[in-house]
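*Asks:* One structure, pasted below without further comment.
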Amino acid sequence: MGPWEDYWRVNVDGTKELIVAAKGADVRRFVHIGTEAALFHGQHMRNVDEHYPLSLSSPYPYARTKAHAEKAVREANDPGTGFTTIVVRPRLVWGPGDQTILPVVTQMIAKGQFAWIDGGRNKTSTTYIGNLTHAMNLALTRGKGGEAYFVLDGEPVVFRAFMTRMLQAVGVTPPTRAVPGWLVRTIAYLGETTYRALNIKSKPPLTRFAANIMSRDCTLVDAKARREMDYAPPFTIDDGLKALTAEYNR
């Protein structure tokens, strides 16, 4: 089974199975954690809100299956039976307990494999874990059925500045080395092409999706969540960095 089939099984089939199980257990409100990746097909995403279309034909299997999973959730909303579905979309989830972004970056730095793509100049929205859990609690009772909601920390940040502060919070100083985005995207494309040609079932070290989304702006708008869910992030980025430092020094 290749990466495409794996993504579909986990993201789409898995989501549909959860919906069926929730209905069978007489769950009244189903909250799905989505992602901006469901909108991505290689482009910059700037000042994007929930009117932006799902990328159901994205060239990237991860993004495409995330889009189809969200579509399944939103279509399962059924006012007639009282089964309500809500999609909450964070971006770049970070904070204490992170097992993905920070550990991967620190490991790459330790191995001398890290470089800033395009100098780290791209802008991004972020979602601290405390703000995400607050939004999830709100979604259990608020928000319109069948709708998606971005939930963010606030204004976008420059990726390099933000990531540098995160790394410093855990005692790591990032290198200054930078690589052009076009080179990273080319390497990822060649890697995936080679894996397919050799029928290697695992994912290459750098996927086209990762290379592309890391080298694009991704700034989102959470006005809809603030308006319809009364969402207001209880934690600032400074609060989150203090929590990271406390965890590191524990």
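The values are calculated or read from the model by the stated rules, or taken from the named source; none is laboratory data. Note that the structure is a prediction, hence the values are computed from the model and not measured. Cβ coordinates were reconstructed from backbone atoms using ideal geometry, including for glycine residues, and neighbour counts include every protein chain displayed. In case anyone asks, the SASA skips ligands and DNA or RNA and just uses the protein heavy atoms, side chains included. Shrake-Rupley method; radii C 1.70, N 1.55, O 1.52, S 1.80 Å.
*Asks:* What are the pairs, 6+ residues apart or on separate chains, where a residue within region 42-58 that is closer than 15 Å to F209 by Cα has its Cβ under 8 Å from a residue that is aliphatic (A, V, I, L, M)?
*Replies:* Short answer, once both residue conditions are applied: M45/L39; M45/L220; S55/A38; S55/L39; S55/A63; S55/A67; L56/A67; S58/A67.
Conditions (1) loosely packed, with under 13 Cβ neighbours inside 10 Å; (2) in contact with a strand residue (DSSP E or B) (Cβ under 7 Å, 6 or more places away or on another chain), marked per residue:
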residue: R160; (1), (2): no, yes
residue: I187; (1), (2): no, no
residue: T194; (1), (2): yes, no
residue: P204; (1), (2): no, no
residue: R208; (1), (2): no, no
residue: N212; (1), (2): no, no
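*Asks:* Something else now. Out of region 214-233, which residues are surrounded by fewer than 20 Cβ atoms within 10 Å (Cβ to Cβ), more than 20 Å from the chain's Cα centre (by Cα) and not in a helix (DSSP H, G or I)?
*Replies:* Result: D230, single match.
*Asks:* Where residues in region 162-175 are free of Cβ contacts under 8 Å to residues at least 60 places away in the same chain and either among the β-branched types (V, I, T) or part of a loop (DSSP other than H, G, I, E, B) (or both), which of them is surrounded by the most Cβ atoms within 10 Å (Cβ to Cβ)?
*Replies:* That would be T164.
*Asks:* A further question on this structure: Here are the criteria: (1) among the polar types (S, T, N, Q); (2) closer than 24 Å to I237 by Cβ; (3) in contact (Cβ under 8 Å) with a residue 24 or more places away in the chain. Tell me which single one T141 does not satisfy.
*Replies:* Here T141 clears every test but (2).
*Asks:* Name every residue in region 146-158 that is closer than 14 Å to I33 by Cα and either open to solvent by 10 Å² or more (accessible area, probe 1.4 Å) or more than 15 Å from the chain's Cα centre (by Cα) (or both), in order of residue number.
*Replies:* Within region 146-158, G146, E147 qualify.
*Asks:* Oh, and also: Can you confirm whether E17 is open to solvent by 20 Å² or more (accessible area, probe 1.4 Å) and either among the polar types (S, T, N, Q) or modelled with pLDDT of 95 or more (or both)?
*Replies:* For E17, the condition - open to solvent by 20 Å² or more (accessible area, probe 1.4 Å) and either among the polar types (S, T, N, Q) or modelled with pLDDT of 95 or more (or both) - is met.
So that you can scan it fast, the table gives a plain yes or no per residue for (1) among the β-branched types (V, I, T); (2) surrounded by fewer than 20 Cβ atoms within 10 Å (Cβ to Cβ):
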site: T35; (1), (2): yes, no
site: E50; (1), (2): no, yes
site: P53; (1), (2): no, yes
site: R64; (1), (2): no, no
site: A69; (1), (2): no, no
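*Asks:* Collect the residues in region 95-143 that are assigned to a helix (DSSP H, G or I), at positive phi and open to solvent by 20 Å² or more (accessible area, probe 1.4 Å), keeping them in residue-number order. Explain how you work it out, then say what you get.
*Replies:* Taking region 95-143 and keeping what is assigned to a helix (DSSP H, G or I), we get 101-110, 118-120, 129-139.
Applying the additional criterion that residues be at positive phi yields 118-120.
Residue satisfying the conditions is D118 alone.
*Asks:* Quick one: K242 ticks every box in (1) within 18 Å of R91 (Cα to Cα); (2) out of contact with any strand residue (DSSP E or B) (no Cβ under 6 Å at 6 or more places or on another chain); (3) not hydroxyl-bearing (S, T, Y) except a single one, so which number is it?
*Replies:* Only one criterion in (1) within 18 Å of R91 (Cα to Cα); (2) out of contact with any strand residue (DSSP E or B) (no Cβ under 6 Å at 6 or more places or on another chain); (3) not hydroxyl-bearing (S, T, Y) is unmet by K242, namely (1).
*Asks:* What are the residues in region 71-94 that are in contact with a strand residue (DSSP E or B) (Cβ under 7 Å, 6 or more places away or on another chain), open to solvent by less than 30 Å² (accessible area, probe 1.4 Å) and in a loop (DSSP other than H, G, I, E, B), if any?
*Replies:* Across region 71-94, the qualifying residues are A76, P90, R91, L92.
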